[in-house]
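Engineer: One structure, pasted below without further comment.
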Amino acid sequence: MVFDIGRVLIGWDPEGFFDCQIGRTARERLFAEVDLHGMNLRIDEGHGFATPVAELAARHPEWAAEIRLWHDRWSDMVPGAIPRSVALMRALKRRGVPVLALTNFGRETLVIAQARFAFLNEFDRMFVSAELGLLKPDPAIYAALETGSGYAPERLFFTDDRPENCAAAAARGWHTHLFEEPEGLEAALLAHGLLTEESLP
């Protein structure tokens, strides 16, 4: 079993955070004028945490204070765990199913998340974009998991909240589930025989 992390096991809502900080109208302007998500991809690709934020703030002095919040208040952009997803992950582990992570995540931000959410330390193995220097949906990151784990594509079941990430995995022969809510994942795990009614949490 291969899990994405953000918006599958833990929430991720920078828009909601900035709505609370500066109001929705200003947030919409900020996100339209400043490529915050592109900056976050640089973090996830392994370019550090503070440096991409500082560089973007320097390029947009009118938004510098708000941009710096991405670094200083990053944990507040994570509303919390998605409890049912975590329960399903642990049910898989109790059944003896190897549980891996394939995630676009920065080194420093992952450390913050793992300190807050103990279950992020329970994977049998993690494949993290910042460590690999690769981002989903680059086929190379999926190949890295196959090689590193030793599992053939047809033995892998992957859930992710982004269609393009699932499509890239499916193109390699992985079984995939587009995550929208834990109940849908639960049904998919039952359908694929990874969990049984008796093993559900």
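Engineer: In segment 1-44, what residues are outside any strand (DSSP E or B), closer than 29 Å to residue 124 by Cβ and not aliphatic (A, V, I, L, M)? Don't jump to the end; show me each part of the working.
Structural biologist: If we filter segment 1-44 for residues that are outside any strand (DSSP E or B), which is where we start, we get 1, 4-5, 7-9, 11-44.
Filter once more, keeping what is closer than 29 Å to residue 124 by Cβ: 1, 4-5, 7-9, 11-13, 40-44.
Within segment 1-44, 4, 7, 11, 12, 13, 40, 42, 44 meet the criteria.
Engineer: Sort through 111, 99 and tell me the only one that's among the β-branched types (Val, Ile, Thr) and touching a Lys or Arg at 6+ places or on another chain (Cβ under 9 Å).
Structural biologist: Numbers: 111 fails: touching a Lys or Arg at 6+ places or on another chain (Cβ under 9 Å).
Just one listed residue meets the conditions, 99.
Engineer: Taking residue 95 as meeting all but one of (1) in contact (Cβ under 8 Å) with a residue 40 or more places away in the chain; (2) under 24 Å from residue 188 (Cα atoms); (3) touching a strand residue (DSSP E or B) at 6+ places or on another chain (Cβ under 6 Å), write down the number of the exception.
Structural biologist: (3)
Engineer: If you don't mind, another one. Quick check on residue 186: is it part of a helix (DSSP H, G or I), open to solvent by 70 Å² or more (accessible area, probe 1.4 Å) and over 30 Å from residue 50 (Cα atoms)?
Structural biologist: On the way: part of a helix (DSSP H, G or I): yes; open to solvent by 70 Å² or more (accessible area, probe 1.4 Å): no; over 30 Å from residue 50 (Cα atoms): yes.
So residue 186 does not fit the description; no.
Engineer: Here is a follow-up. For segment 158-167, state whether one or more residues are open to solvent by less than 50 Å² (accessible area, probe 1.4 Å), at pLDDT 95 or above and farther than 20 Å from residue 105 by Cβ. It would help to see each step written out before you state the result.
Structural biologist: From segment 158-167, those open to solvent by less than 50 Å² (accessible area, probe 1.4 Å) are 158-161, 165-166; that's our starting set.
From the residues that got through so far, the ones that are at pLDDT 95 or above too are 158-161, 165-166.
Among the residues that remain, those that are also farther than 20 Å from residue 105 by Cβ are: none.
Checked segment 158-167: no residue is open to solvent by less than 50 Å² (accessible area, probe 1.4 Å), at pLDDT 95 or above and farther than 20 Å from residue 105 by Cβ.
So that you can scan it fast, the table gives a plain yes or no per residue for (1) in contact with a helix residue (DSSP H, G or I) (Cβ under 7 Å, 6 or more places away or on another chain); (2) of a type outside the set (D, E, K, R); (3) under 22 Å from residue 2 (Cβ atoms); (4) at pLDDT below 95:
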| site | (1), (2), (3), (4) |
| --- | --- |
| 47 | no, yes, no, no |
| 54 | no, yes, no, no |
| 70 | yes, yes, no, no |
| 95 | yes, no, yes, no |
| 103 | yes, yes, yes, no |
| 107 | yes, no, yes, no |
| 119 | yes, yes, yes, no |
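Engineer: Test each condition in (1) within 15 Å of the chain's Cα centre (by Cα); (2) of a type in the set (D, E, K, R); (3) over 20 Å from residue 2 (Cβ atoms) for residue 35 and report the one that comes out false.
Structural biologist: (1)
Engineer: A follow-up question, please. Hey, any hits in segment 103-115 for a residue that's open to solvent by 20 Å² or more (accessible area, probe 1.4 Å), touching a Phe, Trp or Tyr at 6+ places or on another chain (Cβ under 7 Å) and either in contact (Cβ under 8 Å) with a residue 60 or more places away in the chain or not in a helix (DSSP H, G or I) (or both)? Give the derivation first.
Structural biologist: Taking segment 103-115 first, the residues open to solvent by 20 Å² or more (accessible area, probe 1.4 Å) are 104, 107-108, 111-112, 114-115.
Those left that are additionally touching a Phe, Trp or Tyr at 6+ places or on another chain (Cβ under 7 Å): 108, 112.
Now restrict to residues that are either in contact (Cβ under 8 Å) with a residue 60 or more places away in the chain or not in a helix (DSSP H, G or I) (or both): 108.
Looking for residues that are open to solvent by 20 Å² or more (accessible area, probe 1.4 Å), touching a Phe, Trp or Tyr at 6+ places or on another chain (Cβ under 7 Å) and either in contact (Cβ under 8 Å) with a residue 60 or more places away in the chain or not in a helix (DSSP H, G or I) (or both), one finds at least one in segment 103-115, hence yes.
Engineer: Report whether or not residue 145 is part of a helix (DSSP H, G or I) and open to solvent by less than 20 Å² (accessible area, probe 1.4 Å). Don't jump to the end; show me each part of the working.
Structural biologist: Working: part of a helix (DSSP H, G or I): yes; open to solvent by less than 20 Å² (accessible area, probe 1.4 Å): yes.
Here the answer is yes, as residue 145 does meet what is asked.
Engineer: Sticking with this one: Condition check: more than 23 Å from residue 10 (Cα to Cα) and of a type in the set (S, T, N, Q). Does residue 149 satisfy that? Reasoning before the result, please.
Structural biologist: On the way: more than 23 Å from residue 10 (Cα to Cα): yes; of a type in the set (S, T, N, Q): yes.
Answer is yes for this residue.
Engineer: Right, here's the next one. When segment 49-98 is examined, which residues are found to be buried (at least 18 other Cβ atoms within 10 Å of the Cβ), assigned to a loop (DSSP other than H, G, I, E, B) and not β-branched (Val, Ile, Thr)?
Structural biologist: Once the filter is applied, which keeps residues that are buried (at least 18 other Cβ atoms within 10 Å of the Cβ), assigned to a loop (DSSP other than H, G, I, E, B) and not β-branched (Val, Ile, Thr), segment 49-98 yields only 49.
The values are calculated or read from the model by the stated rules, or taken from the named source; none is laboratory data. The structure displayed is predicted, hence computed values, not measured ones. Glycine gets a Cβ as well: all are built from the backbone with ideal geometry, and neighbour counts include every protein chain shown. These accessible areas exclude ligands, DNA and RNA; they are computed on the full protein's heavy atoms, side chains included. Shrake-Rupley method; radii C 1.70, N 1.55, O 1.52, S 1.80 Å.
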